[in-house]
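A short write-up of the structure that comes next.
Every number here is computed from the coordinates shown, using simple stated rules; none is lab data. It should be emphasised that the depicted structure is a prediction, and the values quoted were computed from it without experimental measurement. Quick reminder, even Gly has a Cβ in these numbers, built from the backbone with ideal geometry, and neighbours come from all protein chains shown.
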Amino acid sequence: MFVYGDCMAVCYILYTYVSVHMCINTTICIFFSRGLSASNHRNREDSWFKSLFVRKVDPRKDAHSHLLTKNEESNLYKIQFHNVKPECLDAYNQLCEETLPSIHNDKYYPCELVGTWNTWYGEQDQAVHMWRYRGGYPALTEVMSKLRQNKEFMKYREERGKMLLSRRNQLLLEFSFWNEPIPRKGPNIYELRSYQLRPGTMIEWGNYWARAIGYRQHNSEAVGGFFSQIGNLYMVHHLWAYKDLEAREATRNAAWQHEGWDEVVYYTVPLIQHMDSRIMIPMKASPLQ
């Protein structure tokens, strides 16, 4: 049995144990609290200090399109995608070949047919047309107004409508660092590579490709480069010409032998949300053969 003295000893030991631990915990809390406070203070100081060196956005008064195009009088382009009923594709092509050149060759209309194609690989039973309007939006408005008075064209639209499953278009501007697409002799196949960019990255894309295009002009494969103004926004289209699929593969592989091409690819891929490739065959009426 414990005697009174033993009980007093045990109580003293327990009191000492509890007091020491309370003191330690209190010390830790104070240390942690002070450390956290000091850390927050340092973070605020660092944040303020770093803010002095953050790159400020240049309050430009120019639209991005003005920074990327050749000049204020840049050509306006329209690209059309027509998904044709499979059983109507031959009749559709014949209808286009009978109608589109007449508009292209008539000086009454301030527009030119850049190219007209059937998709070979990619979206099947599809036709792609590209028009150029010299003079921008006023030229486009003038052409649309005049075509509404053209009975032959309105008949063409009516017949065309019976052959289509769907259609869509975009209005485009051309990048300043690409050559303007001009007629060329064939036979060639054409690749239309379309990139949906992340919003806000068009200037960055243009900066990289202004340098990259130099790596892809050795075989005259670069036809045109465009970005959307109306339709799907932040959309880029690159148009390339090759003799055949084998030439395409060889040309694209050769680009990797140029110092700097890999860097361009590395930095532009993260800008892309979605990309698509069409291999296209020119119609008989296409200025790009």
Subject >> Extension gain (nm, one decimal) between A210 and N232, 0.36 nm per residue minus Cα-Cα >> reply: 5.7 nm
Original post:
For the residues Y234, Y77, what sequence is obtained by ranking on other C-beta atoms within 10 Å, fewest first?
Top reply: Y234, Y77
Original post:
Which order do C111, C88 fall in if you start with the one that has the fewest other Cβ atoms within 10 Å?
Top reply: C88, C111
Original post:
Between N169 and D106, what FRET efficiency comes out of the Förster formula 1/(1 + (r/R0)^6) with R0 = 25 Å and r the beta carbon distance, rounded to 0.05?
Top reply: 0.75
Original post:
What size of dipole, in debye to the nearest 20, comes out for the range 73-282 about its Cα centre when the only charges are +1 on Lys and Arg C-beta atoms and -1 on Asp and Glu C-beta atoms?
Top reply: 580
Subject >> Potential extension, V269-I182 segment - 0.36 nm per residue separation minus Cα distance >> reply: 28.4 nm
Subject >> Cβ-derived FRET efficiency at R0 45 Å, R134 paired with Q94, nearest 0.05 >> reply: 0.95
Original post:
At a Förster radius of 22 Å, what calculated FRET efficiency corresponds to the Cβ-Cβ distance of Q124 and A250, to the nearest 0.05?
Top reply: 0.25
Original post:
For E174, E142, what ranking results if the residue with the fewest other Cβ atoms within 10 Å of its Cβ goes first?
Top reply: E142, E174
